[in-house]
Every structure is written in structure tokens, then in C-alpha cells.
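Report on the following structure.
The values are calculated or read from the model by the stated rules, or taken from the named source; none is laboratory data. All values derive from a computational prediction rather than experimental measurement. Quick reminder, even Gly has a Cβ in these numbers, built from the backbone with ideal geometry, and neighbours come from all protein chains shown. Accessible surface is based on the protein model in full, side chains and every heavy atom, while ligands, DNA and RNA are left aside. Shrake-Rupley method; radii C 1.70, N 1.55, O 1.52, S 1.80 Å.
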Amino acid sequence: MAAIKTLPTGANKHTFCPGCGHGIVNRLIRECIEELGYQDNYCFALAVGCSCNLHSQKGDFFQAAHGRAGAAATGIKRTRPDMLVIAYQGDGDAGVIGLAETLNAAYRNENLSVIIINNTNFGMTGGQMSWTTMPGEVTTTSTAGRNCDYNGYPQHLPEMIANSFSHIAYSARGSVADVKHIMETKKMIKKALQNQIDKAGYSIVEVLSPCPTNWHLDPLKSCDRIENELYPEYPLGEFKTREDK
Ligand SMILES: Cc1ncc(C[n+]2csc(CCOP(=O)(O)OP(=O)(O)O)c2C)c(N)n1
Ligand code: SF4
């Protein structure tokens, strides 16, 4: 029997928790890489966090120090401009500890594709509060619920970058909570990669992603939470496109 669909090049059995959105996003990125013909010429600049699980996949990876994937990706891209370079990070890595590197890479309009997983917590280390944690959300470091007057309010990195650096190529937010949004997110990721191929400059895609383990919800209820709680705080869509330039 002929195969009608196979795994994209480099995809391997992953080591994320069951129901985690990281695995879906990884699959989307790999499909896009292959569809764009870059399966033999790409490199991930990997964040510290659950992103590290990408080491279970095949391909080229550079393990950056925590928060430094924006700087590491810059170095790789400047050294190998022919290579498709993807900074793959969590919200804690890109926003909390790595904000300087993230903003400066965008400010310099580095020709990069940055994919950020927003799961509203520091997943790998046990679910601590991140800057994306929702108001009132209970985490291991906000046990009474996030008090925004004391801890600050949720931050919106794609909007922040789109509003601050109008010269970048692309800024968007997607979701992997259901099939429709997974397909829309794939289009966003593909645009971010195509922009890099076209030397259009910096592209960032944040993806709302379930973390069933630290949310203490089953995978389906985690997707419901994204739809019901996260969409009002984190609107989906494109905040900056090449056409706006
Ligand atoms: C310099 C440094 N500080 C802290 C840590 C501990 N640490 C490892 S992963 C992580 C949080 C990652 O959270 P996030 O970026 O949101 O990614 P997720 O795991 O949720 O995908 C932290 C604080 C570290 N490894 N290095
Ligand atoms: S801890 Fe959360 S983000 Fe990390 S692999 Fe598990 S479900 Fe995914």
C-alpha cells in the first residue's frame, strides 16, 4: 500500500508530556521546513526549558544558555546566512530571563524566525509563575493566585515587538488548541520561515500551547482552557506583516 503521509524529515518519537503543545508545534515547524526545501539546511537555536526536548529529534541544534537563543540564533545566522535558523523558546526563556536578547534581536531586525511557546508558566522547572501567567492563576510561586498589583500584569511579546519595532517583517500569535487553529498557526510559521528565506528580516510567532502537567488538567480540558481563558487575554492574529512595511 502506498503511503499518503509520512513524518517530516527529522521527526522522531518525542519526549514531551502527553498532550503538550510543544510536540504539535515541532511537527508544524518540521513540515514547513520540508515544504520549503530546507530539510538539509536548518538549525534550531534551542532555549532552556521544555524546548530542550527537541534534542530527541534529528537535525541540527545549538543549545543556547537560558534566555540567550535570540543571541545564539543571531550568531548562527550571521555565520551561515544560507541556513534556515529558528530560535525555539518558551515564554519564560524569551520574555522573562531573555527579554534583552529577544528585544535586541528584533530591534536589530535580525533575519531570523523566532517561535515562542506560551504555556503561561515555567514548564520544565515545575510550573512557576511566568510573565504570561494569567491574573489569579495558581502556580507553584503564586500559590494564592497571581496578584497583578503585586506581581505585574501578563505581557504580550508579539504586540510589544510589533509596536516597538515597525521595521521587522512579521509578528503573530497562534494557538494549537484545535485543528483549525493548528492549521492557521502552520501558515504563520511558514510565513516566518519564508520571510527569512526572502531576507525580509525578523519574524516572531507566539503559540498558545497546553501544558497539561502543570495546569493539572487533562489534554482536552487544557485546550478548553486556552479557548475560554487565554484567548480573551492573548488575542490571535497577525500584528505586523511585510505588507505593513
Ligand atoms: C540561568 C538559569 N536560570 C534558571 C534556570 C532554571 N530554568 C530552567 S528551565 C526554566 C524555565 C523555562 O520556562 P519557559 O521558558 O517558559 O519554557 P517551558 O519549559 O515552559 O517550555 C528555568 C527557570 C536555568 N536553567 N538557568
Ligand atoms: S511540563 Fe508542560 S510544557 Fe513541559 S513538556 Fe510537560 S506539558 Fe509540555
* Asked: Taking the range 38-96 as the search range and keeping residues that are open to solvent by 20 Å² or more (accessible area, probe 1.4 Å) and acidic (Asp, Glu), which one is farthest from ligand 1 (Cβ to nearest atom)?
  -> Asp82
* To do: Could you tell me whether any residue of the range 137-152 is within 23 Å of Glu34 (Cα to Cα) and open to solvent by less than 30 Å² (accessible area, probe 1.4 Å)?
  => no
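Just one of Ala172, Ala94 is more than 16 Å from ligand 2 (Cβ to nearest atom), outside any loop (DSSP other than H, G, I, E, B) and among the aliphatic types (A, V, I, L, M); which is it?
Ala172 is the lone residue from the list that is more than 16 Å from ligand 2 (Cβ to nearest atom), outside any loop (DSSP other than H, G, I, E, B) and among the aliphatic types (A, V, I, L, M).
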* Structure fact -> Log entry, pairs with first residue in the range 59-87 being in a loop (DSSP other than H, G, I, E, B), second being aliphatic (A, V, I, L, M), beta carbons closer than 6 Å, six or more apart or on different chains, reads Ala64/Ala45; Ala64/Ala72; His66/Val48; His66/Ile97; Gly67/Ile97
* **Residue that is nearest to ligand 1 (Cβ to nearest atom), among those in the range 18-37 that are in contact with a Ser or Thr (Cβ under 7 Å, 6 or more places away or on another chain), more than 12 Å from Ile86 (Cβ to Cβ) and open to solvent by less than 60 Å² (accessible area, probe 1.4 Å)** => His22
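What's the total number of residues in the range 103-136 that are under 23 Å from Ile204 (Cα atoms), within 15 Å of ligand 2 (Cβ to nearest atom) and either open to solvent by less than 30 Å² (accessible area, probe 1.4 Å) or over 21 Å from the mean Cα position of the chain (by Cα) (or both)?
Filtering the range 103-136 down to residues under 23 Å from Ile204 (Cα atoms) leaves 103-124, 129-134.
Next cut, within 15 Å of ligand 2 (Cβ to nearest atom) only: 115-124, 129-130, 132-133.
Then drop every residue that is not either open to solvent by less than 30 Å² (accessible area, probe 1.4 Å) or over 21 Å from the mean Cα position of the chain (by Cα) (or both), which leaves 115-121, 123, 130, 132-133.
Final tally of qualifying residues: 11.
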* Asked: Just checking, how many residues over the range 226-245 are surrounded by fewer than 18 Cβ atoms within 10 Å (Cβ to Cβ) and part of a helix (DSSP H, G or I)?
  -> 9
* To do: Just name the residue that is nearest to ligand 2 (Cβ to nearest atom) out of those in the range 40-56 that are touching a helix residue (DSSP H, G or I) at 6+ places or on another chain (Cβ under 7 Å) and at pLDDT below 95.
  => Asn53
